[in-house]
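Colleague: One structure is given below, represented as structure tokens, and several questions about it will come after.
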Protein chains: 2
Amino acid sequence: VLDPEMTVGKLGERALIKHLRSRIPTGLGVSVGIGDDAAAVETGNLTLITTDTLVEGTHFRREWSPPRLLGRKALTVNLADIAAMAGIARYATVSLCLPPDVQMGFVDGLYDGLLERAAESGVSIVGGNVASAWGELVVDITLIGSGDHLLTRKGAVPGDLAVVTGHLGAAAEGLRLLQQGARLNEELFLTSTGIWTESSTEAVTHCLRAQLDPTPPLALARALAEQELVHAAMDISDGLSGDLLTMCGESGLAAWIDPDNLPLDPVAAALERARGKGAFDLALHGGEDYQFLLAIPPDKMDGLKDLAVVWDLPLTIVGQFFEGEPSVSLNRDGSMEHLKPHSFDHFRSRPTVREGSQTS
Amino acid sequence: VLDPEMTVGKLGERALIKHLRSRIPTGLGVSVGIGDDAAAVETGNLTLITTDTLVEGTHFRREWSPPRLLGRKALTVNLADIAAMAGIARYATVSLCLPPDVQMGFVDGLYDGLLERAAESGVSIVGGNVASAWGELVVDITLIGSGDHLLTRKGAVPGDLAVVTGHLGAAAEGLRLLQQGARLNEELFLTSTGIWTESSTEAVTHCLRAQLDPTPPLALARALAEQELVHAAMDISDGLSGDLLTMCGESGLAAWIDPDNLPLDPVAAALERARGKGAFDLALHGGEDYQFLLAIPPDKMDGLKDLAVVWDLPLTIVGQFFEGEPSVSLNRDGSMEHLKPHSFDHFRSRPTVREGSQTS
């Protein structure tokens with residue numbers, strides 16, 4: 001057993017790899033697992049590949065994200081991508097860039113979360129890389145899945161309804177709460193309410209969990225694809241306004257949104273109301289909820305609702321696609337107002353987790 | 001056309017992704033390429049997955065590596081891993097962590113090299129990620145391949161010869177030359193000899209090219225696997241001493257090396273001699289040559305030689321495997337001297353490209 005305060009710099013690359021390898025079980029379908037030049041895994045005819053990165057200072061802060069939750073989220077953001085294609089996630093590689101002062105307690109906590117989330121979702125970790133970094137810690141995961149009936153972002157047709165699963169805004173509210181000093185521990189219990197009083201414990205916990213341990217409805221899109229209910233799907237990672245514009249671009253359509261019919265997370269909305277604000281911007285532009293955006297013909301809505309009942313999953317018709325140059329408008333009782341995309345752009349306007357940044 | 005001095009911070013994530021996407025062709029077997037939640041690609045029953053990362057300050061410096069060569073190398077190090085498994089490289093994802101001050105000229109140069117190397121090796125870039133970083137630039141590539149007859153690190157048996165392809169030490173010598181001020185431009189021509197005189201131009205160029213644009217014999221292992229000539233294979237990325245120990249560990253064997261029979265790169269050896277040193281340590285411990293280490297039964301050596309002729313590839317019997325606890329010894333005329341592994345360990349002893357570091 002390694003001393004949790006031992007740094008990776010002191011332990012060394014070879015011993016670190018050996019230790020991590022000893023923790024990772026060989027999963028189903030894995031012919032050659034960790035420890036060779038490459039992993040060899042069983043696949044079908046159509047393989048899905050996605051990759052997503054969490055960078056310290058851009059996507060998380062070490063003092064905000066207990067390592068177990070960081071590990072869970074690093075896999076979850078990729079699971080949402082495979083799920084949005086109606087695929088089945090199967091194998092993952094994990095690339096870590098670690099500053100030498102990172103302690104083994106942190107690395108093991110990260111792997112606790114990774115392995116736990118992998119087990120929950122039937123994913124085998126089959127390889128990866130550890131590299132020494134000097135500035136920030138980076139967790140880059142590539143997730144491999146199988147697919148048959150795929151759902152892409154391209155298939156929306158004019159008249160399709162734009163439907164959002166679940167609620168939006170809680171993850172962005174959670175980020176704001178972290179900036180205000182609220183904290184969760186690795187067991188997802190609140191250790192600090194930040195600027196809020198104890199009476200808000202439940203609400204604060206809810207939003208922090210949404211930010212630090214998102215739970216997308218992973219099985220939904222696959223069921224939808226099998227029943228051929230929807231034309232297009234994607235996960236809402238950057239925010240509804242930008243992601244809907246992306247789907248418009250891929251499908252070659254315009255879309256409108258009804259601003260009075262956004263699925264605001266009720267808890268996030270209540271916290272915003274308590275400080276005299278609305279949660280509208282959070283729901284429209286805030287990202288990281290990892291819910292799904294669907295394009296569905298109106299006559300398939302009943303089938304979709306029947307399916308969503310299985311997961312007790314709210315569905316909201318937020319708007320509709322129509323012929324036109326790719327764009328998103330707010331439809332206020334028939335009067336259209338062009339909406340500028342305002343999603344997360346980590347390079348430019350709104351670095352999410354830097355000191356003093358804001359998400360809306 | 002974008003201004004090459006435009007920074008990625010100014011351009012923004014959305015425009016950067018759009019620009020990169022416009023540069024990447026859709027390749028054979030790619031059902032869904034860049035721009036969706038995940039890529040969808042055709043695969044066979046057995047899929048190979050490897051991932052390798054180049055981190056600024058650990059594996060390269062921006063002032064040392066012209067971006068085109070950095071792009072080439074980022075793919076090459078992964079190609080070597082798939083090749084060492086006797087696989088065929090097919091699809092790659094590219095994750096970039098970019099400090100906001102990185103200019104588009106650099107990003108486009110990086111992609112010039114990536115796309116060029118991908119075309120050379122039949123690889124399609126099918127996705128990736130761009131994230132804003134604050135400290136160092138990171139290029140993390142996951143490469144997906146197909147396999148049938150795999151070569152792993154596990155199959156060596158007692159009596160197998162340890163054979164190395166090509167020469168060793170030039171890449172490590174190239175790193176030393178970079179530290180001494182020698183420089184290549186992106187067309188692989190020398191722009192500075194560093195501490196060396198013009199008379200050494202060819203030698204310096206040779207070693208810098210080995211470091212900045214390695215060219216492993218990618219097709220060899222696959223031919224070997226088809227003809228069932230070797231028992232085990234791996235690429236020599238960290239240095240012969242450490243990588244041979246790794247193969248010993250995987251195969252549950254010991255091995256000895258004949259110190260008088262290492263395939264020192266003759267040019268690197270000449271440069272070392274000129275400064276009064278030997279290249280022995282470079283060949284034994286220096287990494288990044290991306291040649292192959294093979295375990296082969298003695299009666300298959302003739303077949304291996306016949307094959308290597310096709311690529312005009314030198315082969316050197318450096319030692320032999322025998323029963324015992326995993327370890328590597330130097331065999332000096334029958335007298336065994338235990339060899340401590342001394343490979344690159346980026347976390348600890350010898351950060352490779354930091355100021356003042358040394359590789360041997």
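Colleague: Using Cα-Cα distances under 8 Å and only pairs 6 or more residues apart, what relative contact order does the range A:200-309 have, in percent?
Modeller: Working: 109 pairs, mean separation 49.4, N = 110.
Rounded, it is 45 percent for the range A:200-309.
Colleague: Length gain on complete extension for the stretch A:Gln227 to A:Arg62, per 0.36 nm per residue less the alpha carbon to alpha carbon distance? Could you put the intermediate results ahead of the total?
Modeller: Details: separation 165, 0.36 × 165 = 59.40 nm, distance 4.23 nm.
Stretched fully, the A:Gln227-A:Arg62 segment lengthens by 55.2 nm.
Colleague: Can you give the calculated 222 nm mean residue ellipticity of the protein assembly as shown, where each DSSP H run of n ≥ 4 adds -39,500 (n - 2.57) and the sum is split over every residue, rounded to the nearest 500 deg cm²/dmol?
Modeller: On the way: 22 runs with 234 residues, N = 720.
Mean residue ellipticity at 222 nm (helix-derived): -9500 deg cm²/dmol.
Colleague: Residues of B:292-303, mean number of Cβ from any other protein chain within 10 Å of their own Cβ, rounded to a whole number?
Modeller: Numbers: counts 1, 0, 0, 0, 0, 0, 0, 0, 0, 0, 0, 0.
Averaged over the peptide's residues, the number is 0.
Colleague: Taking each residue in A:92-101, count the Cβ atoms of any other chain within 10 Å of its Cβ, then average. What number comes out?
Modeller: Per-residue shielding by partner chains comes out at 4.
Colleague: If A:Ser65, B:Ser199 are ordered by their accessible area, calculated over protein heavy atoms with a 1.4 Å probe, which sequence runs from highest to lowest?
Modeller: Details: A:Ser65 10, B:Ser199 105 Å².
Correct descending sequence by accessible area is B:Ser199, A:Ser65.
Colleague: Tell me the distances, shortest first, between A:Gln227 and the same position across the other copies, using label points 7 Å along Cα→Cβ, in nm to one decimal.
Modeller: Ordered by distance, the counterparts are at 5.8 nm.
Colleague: Next question. Mind checking how much accessible area A and B bury in total, 1.4 Å probe, in Å² rounded to 100?
Modeller: Roughly 5800 Å² of accessible surface disappears when A and B pair.
Colleague: Now for a different question. At 7 Å along Cα-to-Cβ for each site, give me the label-to-label distance between B:Arg332 and B:Glu120 in nm.
Modeller: Distance between the two pseudo-spin positions: 4.0 nm.
Colleague: Same structure again: Please arrange B:Glu288, B:Glu186 by accessible surface area, largest first, computed with a 1.4 Å probe and ligands excluded.
Modeller: B:Glu186, B:Glu288
Colleague: Tell me, what is the percent relative contact order of chain A, built from C-alpha pairs under 8 Å that lie six or more residues apart?
Modeller: Details: 819 pairs, mean separation 75.5, N = 360.
Here the relative contact order equals 21 percent.
Colleague: Nm distances between the label at B:Ile317 and the same-position labels in the remaining copies, 7 Å along Cα→Cβ, shortest first?
Modeller: B:Ile317 label point versus its equivalents elsewhere: 7.9 nm.
Colleague: For the protein assembly as shown, what is the accessible area per residue in Å² when the probe is 1.4 Å? The partial results should precede the final answer.
Modeller: Values: 26090 Å² over 720 residues.
Result: 36 Å² per residue.
Colleague: When DSSP assigns beta bridges and you keep just the ones with both residues in chain A, what percent turn out antiparallel, to the nearest 5?
Modeller: Numbers: 47 of 60 bridges.
Approximately 80 percent, going by the DSSP bridge assignments.
Colleague: As I understand it, the dipole of the protein assembly as shown uses +1 on the Cβ of Lys and Arg and -1 on the Cβ of Asp and Glu, about the Cα centre. Which of A:Val163, A:Cys97, B:Thr51 lies farthest toward its positive end?
Modeller: Value computed over the given set: A:Cys97.
Colleague: So if we plug the beta-carbon distance of B:Met6 and A:Lys305 into 1/(1 + (r/R0)^6) with R0 = 51 Å, what FRET efficiency do we get, rounded to 0.05? Working shown, then result.
Modeller: On the way: r = 47 Å, r/R0 = 0.93.
Given R0 = 51 Å and the Cβ-Cβ separation, E is 0.60.
Colleague: Same structure, new question: Express in whole angstrom the spacing between the alpha-carbon centres of the range B:265-315 and the range B:219-257.
Modeller: Spelled out, the Cα-based centre of one part sits 13 Å from the other.
Colleague: Now a separate question. Can you pull the percent of Cα pairs in the range A:129-256 with separation above 22 Å? Show your work: numbers first, answer last.
Modeller: Numbers: 4519 of 8128 pairs.
Of the Cα pairs, 56 percent sit more than 22 Å apart.
Colleague: Can you tell me the relative contact order of the range A:1-153? Whole percent, Cα pairs under 8 Å, sequence separation 6 or more.
Modeller: On the way: 288 pairs, mean separation 57.3, N = 153.
Once normalised by length, the contact order is 37 percent.
Colleague: Per residue of B:239-252, how many C-beta atoms from partner chains lie within 10 Å of its own C-beta, taken as a mean? It would help to have the intermediate numbers written out before the result.
Modeller: Working: counts 0, 0, 0, 2, 0, 0, 1, 4, 0, 0, 2, 2, 0, 0.
For peptide B:239-252, the averaged partner shielding equals 1.
Colleague: First obtain the Kirkwood hydrodynamic radius of chain B from its Cα pairs, then insert it into the Stokes-Einstein equation at 10 °C and 1.306 mPa s, and state the resulting D in µm² per second as a whole number. Don't jump to the answer; show the numbers that get you there.
Modeller: Working: Rh = 21.2 Å.
Rounded, D is 75 µm²/s.
Colleague: Here is a further query. Dipole size in debye (nearest 20) for the protein assembly as shown around its Cα centre, Lys and Arg Cβ +1, Asp and Glu Cβ -1? Could the numbers behind the result be given before it?
Modeller: Values: 56 positive and 96 negative charges, 209 e Å.
With Lys and Arg at +1 and Asp and Glu at -1, about 1000 debye.
Colleague: While we're here: Counting only protein heavy atoms and a 1.4 Å probe, tell me what percentage of the protein assembly as shown's accessible area is made up of carbon and sulfur. Mind dumping the intermediate values first?
Modeller: Details: 13010 of 26090 Å².
Carbon and sulfur atoms account for 50 percent of the accessible area of the protein assembly as shown.
Colleague: While we're looking at this one, here's another question. What is the dipole size for the range A:162-309, taken about its Cα centre, with +1 at each Lys and Arg Cβ and -1 at each Asp and Glu Cβ, in debye to the nearest 20?
Modeller: 380 debye
Colleague: Identify the residue of chain B whose Cβ lies closest to the rotation axis that maps chain B onto chain A, and give that distance in whole Å.
Modeller: B:Gly135, 1
Colleague: What are the distances, in nm and sorted shortest first, from the label point of B:Gly155 to the label points of the same position in each other copy, with each label point placed 7 Å from Cα along the Cα-to-Cβ direction?
Modeller: Shortest to longest, the spacings are 4.2 nm.
Colleague: While we're on this one: With a length cut of 27 Å (Cα positions projected on each helix's long axis) and a Kyte-Doolittle mean of at least 1.0, go through chain A and give me the DSSP H helices that pass.
Modeller: Details: long enough: none.
Sorted by number, there is nothing, because no helix extends far enough and scores high enough.
Colleague: Quick one: order B:Asp3, B:Asp302 from most to least accessible surface, probe 1.4 Å. If you can, show how the numbers build up before the last one.
Modeller: Numbers: B:Asp3 85, B:Asp302 105 Å².
Output order, biggest surface exposure first: B:Asp302, B:Asp3.
Colleague: Give me the net charge for the shell around A:Gln320: Cβ to Cβ below 13 angstrom, other residues only, Lys and Arg +1, Asp and Glu -1. Can you show the working numbers first?
Modeller: On the way: positive: none; negative: A:Asp160, A:Asp258, A:Glu323.
Once all neighbours under 13 Å are counted, the net charge is -3.
Colleague: I want the local charge near B:Lys305. Using Cβ-Cβ distances under 13 Å, sum +1 for each Lys or Arg and -1 for each Asp or Glu among the other residues.
Modeller: Numbers: positive: B:Lys300; negative: B:Asp299, B:Asp302, B:Asp306, B:Asp312.
Once all neighbours under 13 Å are counted, the net charge is -3.
Colleague: With respect to the cross-link table entries A:Lys154/A:Lys300; A:Lys154/B:Lys18; A:Lys10/B:Lys154, which display a Cα-Cα separation exceeding 26 Å?
Modeller: Details: A:Lys154/A:Lys300 18 Å; A:Lys154/B:Lys18 16 Å; A:Lys10/B:Lys154 29 Å.
Flagged as over cut-off: A:Lys10/B:Lys154.
Colleague: Follow-up. Can you tell me the FRET efficiency between B:Glu42 and A:Ala219 if r is taken as the Cβ-Cβ distance and R0 is 41 Å, rounded to the nearest 0.05? Let's see the in-between values first.
Modeller: Working: r = 25 Å, r/R0 = 0.61.
With a Förster radius of 41 Å, E is 0.95.
Colleague: Sticking with this one: In vacuum, with every alpha carbon of the protein assembly as shown counted as one equal point scatterer, what does the Debye formula give for log10 I(q)/I(0) at q = 0.09 Å⁻¹? Two decimals, please.
Modeller: Once normalised to I(0) and log-transformed, intensities are -0.79.
The values are calculated or read from the model by the stated rules, or taken from the named source; none is laboratory data. Just so we're clear, the structure is a prediction, and the values are computed from it rather than from any experiment. Cβ: placed from backbone, ideal geometry, glycine included. Neighbour counts: every protein chain shown. Remember, those area values only see protein heavy atoms, side chains included, never the ligands or the DNA or RNA. Shrake-Rupley method; radii C 1.70, N 1.55, O 1.52, S 1.80 Å.
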